[in-house]
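Each remark here refers to the structure printed beneath this line.
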Amino acid sequence: MLSSVYAPKDFKRLRVAGDLVARCFDFLTPHIVAGITTAYIDDLVVQFLKENGAKSAEYGYMGFPRSVCTSVNDVMVHGIPNPNVVLKYNQC
């Protein structure tokens with residue numbers, strides 16, 4: 001059996017963080033529609049985190065200017081939210 005690199009208190013913290021992320025996704029879901037920008041998504045996340053006494057680990061890390069990494073399908077996975085990138089309806 002492999003030993004864990006986490007202590008029991010770490011698992012509690014991981015559960016709290018995971019719960020916050022799940023609630024943030026639930027909060028975001030109705031807002032993710034065609035016509036919004038990736039910067040607006042970032043603004044929503046900042047609002048949610050502030051209301052829940054949390055802050056983004058991304059913001060300021062290695063100079064990262066926003067709180068989330070978000071992009072559309074044809075962009076690298078760690079995109080910087082941008083007020084000029086508008087989500088579009090993609091009918092597949």
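The values are calculated or read from the model by the stated rules, or taken from the named source; none is laboratory data. None of these values were measured; they are calculated from a predicted model. Quick reminder, even Gly has a Cβ in these numbers, built from the backbone with ideal geometry, and neighbours come from all protein chains shown. For the accessible areas, the whole protein counts, side chains as well, though only heavy atoms, and no ligand, DNA or RNA atoms are used. Shrake-Rupley method; radii C 1.70, N 1.55, O 1.52, S 1.80 Å.
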One residue is enough: does the stretch 18-28 have a residue meeting the conditions open to solvent by 30 Å² or more (accessible area, probe 1.4 Å), within 25 Å of Val75 (Cα to Cα) and not in a helix (DSSP H, G or I)? no
Residue pairs qualifying under the 9 Å Cβ cut-off, at least six apart or on distinct chains, with the first in the stretch 68-81 being closer than 19 Å to Phe48 by Cα and the second being modelled with pLDDT of 85 or more and of a type in the set (Lys, Arg), are Ile80/Arg66; Pro81/Arg66
If you go through Ser67, Ser56, Ser4, the only one that is open to solvent by 60 Å² or more (accessible area, probe 1.4 Å) and hydroxyl-bearing (Ser, Thr, Tyr) is Ser4
